[in-house]
Amino acid sequence: VRLATRGHSPVYPGRPCSMYNHATRQWIGLVHPDLGIGGAERLIVDIALELARNDRVMLYTAHHDTKHCFKETLLEGERVHWIQERGNFIPTSIFGFCHVLCSNLRSAWASLRMLFELGSPKTVIIDQAIMPVLIFRLFSKAQVIFYCHFPDKLLTRRSSILRRLYRLPFDALEGLAMKSAHHVLVNSKFTAAAYAAAFHGWTRRPPALLYPSVRLNKCKTSARDFDSIRAGSFFLSINRFERKKRLHIAIHAFKSLRVQLSSRETEAPYLILGGGYDARMQENVKYYVELQRLAHSLGVANETLFLPSLREGTKIRLLQSCIALLYTPINEHFGITPLEAMAAGRPVISCDSGGPCETVLSGKTGLLVAKTPQAFANAMFSLCQDRSQSRTLGRSARTRVQEMYSFECFTTTLNTLIHAAGTS
């Protein structure tokens, strides 16, 4: 990237001139800590792609692995030019500790490099890391928008005095960042309530609601994406291999279901566990092994298939073909995977807490149940007993996505919020 004089329009090498036409209204920067394949990353990529239709957009991140990313971030196998990796030389932790500190330092470096290389954007959108908010408020005239997936201070364990002392400065910085941002967006009403409780001493300004979305036209694929799959023969769980996602609940529930269906062994479904897997993350590696061992110990290893790091086409094919999606996290902030399942015309079985309570209508587009394995197993058994129920719920689920969570709804709300911020 060529350096630009501060205050002048940035220059982007190798991009079509039409994409960054000077007649566009503003140039927009985005800062994200680690551009992988999670729900937060899906959201930030969708924001960038939509805004790039009318504005000049650059996304700075501390890490972008071309082998572990969304296809929209690649061009002929290489990173697209509107994404710049800065700060990857800073470690993600210090001997397995200080993850929050390192994440913020990496994002702060990416933010400083954006300002040094391209000058101040008209608007900057930041998520997950808080230090970039303060950097852009101090060193630029940008309108700062922070997308709050969930207050970080509410996600941390404070099991010791040392942990509580470590969190004190970050809690203060997070509150200051929320007060300093010109606008704050949240992904659900559940997160909005958590935000109000977490920062009531810092700001009483309510955040704006911007639901993530799915592209309905992307939920079309061909059978060759997963030739061996048989529609309606399995339950599906898609999530990152992290303990907080509670994938072990799906395995325990599946074991209970197999017991309930023991008299109809030939009709018993299978279980597929897929999702985000990053070999750099020790938790991913350890939890993946633990889940495999659990399946063996429960005697369902032969009926359970593990598919880490799913290709997009395979994921869509699985969503279209499953009996239902099992979504096991508790108090999930929003949950993009249930929307993807609903867009594919499949029902969702989820815990009755958090964001899924807003997206899934129990008994109409899916089933909301207690957090226990037996509750999941009972819901799974109900769908196995009456396969027509799964189809009926699935049709209603797709209609709900079309009406409330389509990409068109997302883009309309996004453009209204962004350009209102840019002119305020």
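Summary table below
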{"item": "Cα gyration tensor category, rounded, prolate or oblate, for segment 59-126 with a/c compared to 1.5", "result": "oblate"}
{"item": "Anchor Lys67: aspartates and glutamates whose Cα lies under 18 Å away (excluding residues fewer than 8 positions away in-chain)", "result": "Asp34, Glu41, Glu76, Glu78, Glu85, Asp278, Glu312"}
{"item": "Electrostatic dipole magnitude of the chain [Cβ: Lys, Arg +1; Asp, Glu -1; Cα centre; debye, to 20]", "result": "460"}
{"item": "Surface share of carbon and sulfur [accessible, 1.4 angstrom probe, percent] for segment 368-424", "result": "54"}
{"item": "Segment 333-395 - accessible surface per residue (Å², probe 1.4 Å)", "result": "34"}
{"item": "Those aspartates and glutamates that a straight Cα-Cα span of less than 18 Å connects to Lys141, excepting residues fewer than 8 apart in one chain", "result": "Asp55, Glu117"}
{"item": "The chain: antiparallel DSSP beta bridges as a percent of all, rounded to 5", "result": "5"}
{"item": "Most to least packed among 372-381, 388-397 [average Cβ atoms within 10 Å]", "result": "372-381, 388-397"}
{"item": "Nearby aspartates and glutamates by direct alpha-carbon distance to Lys189 (threshold 13 angstrom, same-chain neighbours under 8 apart not counted)", "result": "Glu332, Glu358"}
{"item": "Max mean-square fluctuation residue, GNM over the chain, Cα-Cα springs under 10 Å, options Leu319, Leu368, Leu305", "result": "Leu305"}
{"item": "Shape category assigned to segment 257-349 from the gyration tensor of Cα positions, a/c cut at 1.5", "result": "oblate"}
{"item": "Helix 161-180 axis, angle to the chain major axis (alpha carbon atoms, nearest 10°)", "result": "60"}
{"item": "Inter-label distance for Phe89 and Ala172, nm, one decimal - labels placed 7 Å from Cα along Cα-to-Cβ", "result": "3.1"}
{"item": "Per residue convex hull volume, Cα atoms of segment 271-424, in Å³", "result": "145"}
{"item": "For segment 385-393, Karplus couplings with θ = phi - 60° (6.51, -1.76, 1.60), whole Hz, Gly/Pro x", "result": "5, 9, 5, 5, 4, 4, 5, 5, 4"}
{"item": "Solvent-accessible area per residue, Å², over segment 88-152 with all protein chains present [probe radius 1.4 Å]", "result": "42"}
{"item": "Helical contribution to [θ] at 222 nm, DSSP H n ≥ 4, -39,500 (n - 2.57), averaged over the chain, rounded to 500", "result": "-13000 deg cm²/dmol"}
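The values are calculated or read from the model by the stated rules, or taken from the named source; none is laboratory data. On a predicted model such as this, the values are computed, not experimentally measured, just so you know. All Cβ positions, glycine included, derive from the backbone under ideal geometry; neighbour counts span all protein chains shown. When the accessible area is computed, the model is the full protein with side chains, heavy atoms only, and any ligands, DNA or RNA have been set aside. Shrake-Rupley method; radii C 1.70, N 1.55, O 1.52, S 1.80 Å.
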